[in-house]
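Chemist: Before I ask anything, here is the structure I am working with.
What follows is calculated from the coordinates using simple rules that are stated; it is not laboratory data. Model, not experiment: these values are computed from the prediction. Note that each Cβ is placed from the backbone with ideal geometry, even for glycine, and that neighbours are counted across all protein chains shown.
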Amino acid sequence: MRSKILLLAIVFFVLPNTATAQDSKEAFLQVLYGKAGLEEQVLQLPMVVQVGFDQAVATDDRLKAMPRTVIGEIRASIETVFAPENIKRAILSECREKLSIDDLKKVLAWLDSPLGRKFTQLEEAASTPEKYTEMQQFAQMLQESPPLPERLEIIGRLDEAAKATETSVEVAMNTQLAITIAIVASLPKEQRPTYDNLAAVVEQTRPQIESAMRAQTIVSLLYTYRNVTETELDQYIEFASYPTGKNYHDAVVSGLKKALLEGSYAWGKAIADILTYATNTTEV
């Protein structure tokens, strides 16, 4: 009897504590997502896919042949399948799985530090569409006046530690997969490759995409942190290289990759439904 009472006491005290820990972790995750600047950056992703789709429409004969109303519906569906809340859910899921409460506290402590806030603000400012032209002008300036080798070296280390190129590659790869799915959706059903086959074909382009994205990412980092000292960059690299910082960046990249991959497949199904409806309507 005493053992049963002890067991009930343990259950009584442990379960509320467990629930409190879970609630606490969820609160930390929500705060982290906002303070890390992820919300602002993720808002840009549907636009990235839309730009890629617009380019494909301008160059692919099968897409050119589609009615403009259908093209408009396909384009509009991007905002649904690549909705920021879907991407947020995937990123938070990976962070929930891979980061402990202690990890979250340490990441938040960095983000709350003066230097952490400075980097977040610079990253948010540089990721707006309005800065694109300015960044292009900066890239042209670099061709005329290349950065010092020391600056390139530290920016390269930051790129690796913060997984900047890796993130860009995943966005580019999955955008390409999504556009490829959109293009082949116009084929008769029996002629369409499977999504897995399309993903395998796109994967073969990874080396070329990595090379291109690394060059673009280095320019982007040089622009974003152009007024940051090497001492400050070293501190950022130190945080990103520690197990907590590494786990954090791993989780964000993994969540982003999953969200974009799921979005690509969902978009393919949405396009198939749009085309089927358009065909049935025309026949009627």
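Chemist: Roughly speaking, what is the centre-to-centre gap between the stretch 207-284 and the stretch 147-184 when only Cα atoms are used, to the nearest Å?
Modeler: 8 Å
Chemist: Near K25, which aspartates and glutamates are there with a Cα under 15 Å away, not counting those fewer than 8 places off in the same chain?
Modeler: Result set, ordered by chain and number: E94, E97, D102, D103.
Chemist: Another question, if that's okay. Put +1 on the Cβ of each Lys and Arg and -1 on the Cβ of each Asp and Glu in the stretch 88-216; which of Q208, I155, W110 then has its Cα farthest toward the positive end of the dipole?
Modeler: Of the candidates, W110 comes out farthest on the positive side.
Chemist: Continuing with this model, one more query. Taking the Cα centre of the chain as origin, work out the dipole magnitude from +1 charges on Lys and Arg Cβ and -1 charges on Asp and Glu Cβ, in debye rounded to 20.
Modeler: 800 debye
Chemist: Rank S264, S93, S113 by mean-square fluctuation in a GNM of the chain with C-alpha springs under 10 angstrom and give only the top-ranked residue.
Modeler: S113
Chemist: Per-residue counts of other Cβ atoms within 10 Å, averaged by peptide: what ranking do you get for 156-168, 188-200, 123-135, 267-279, highest first?
Modeler: 156-168, 267-279, 123-135, 188-200
Chemist: Quick one: Debye curve from the C-alpha atoms of the stretch 128-284, no solvent, what's log10 I(q)/I(0) at q = 0.20 Å⁻¹?
Modeler: Each listed q maps to, in turn, -1.25.
Chemist: Also, I was wondering about something else. Taking R0 as 45 Å, what FRET efficiency do you get between Q140 and T279 from their Cβ-Cβ distance, rounded to the nearest 0.05? Before the final figure, lay out the partial values.
Modeler: Working: r = 47 Å, r/R0 = 1.05.
For Q140 and T279, the calculated efficiency is 0.45.
Chemist: Next up: So which of K131/K246; K118/K163; K35/K88; K105/K258; K118/K258 end up more than 21 Å apart, counting from Cα to Cα?
Modeler: Beyond 21 Å: K131/K246; K105/K258; K118/K258.
Chemist: Can I ask one more? If you average 1/r across every pair of different Cα atoms in the chain and take the reciprocal, what Kirkwood value do you get, in Å?
Modeler: It works out to 21.4 Å.
Chemist: Give me the lysines in straight-line cross-link reach of K64: C-alpha distance below 29 Å, same-chain residues under 8 apart excluded.
Modeler: In chain and number order, the partners are K189, K269.
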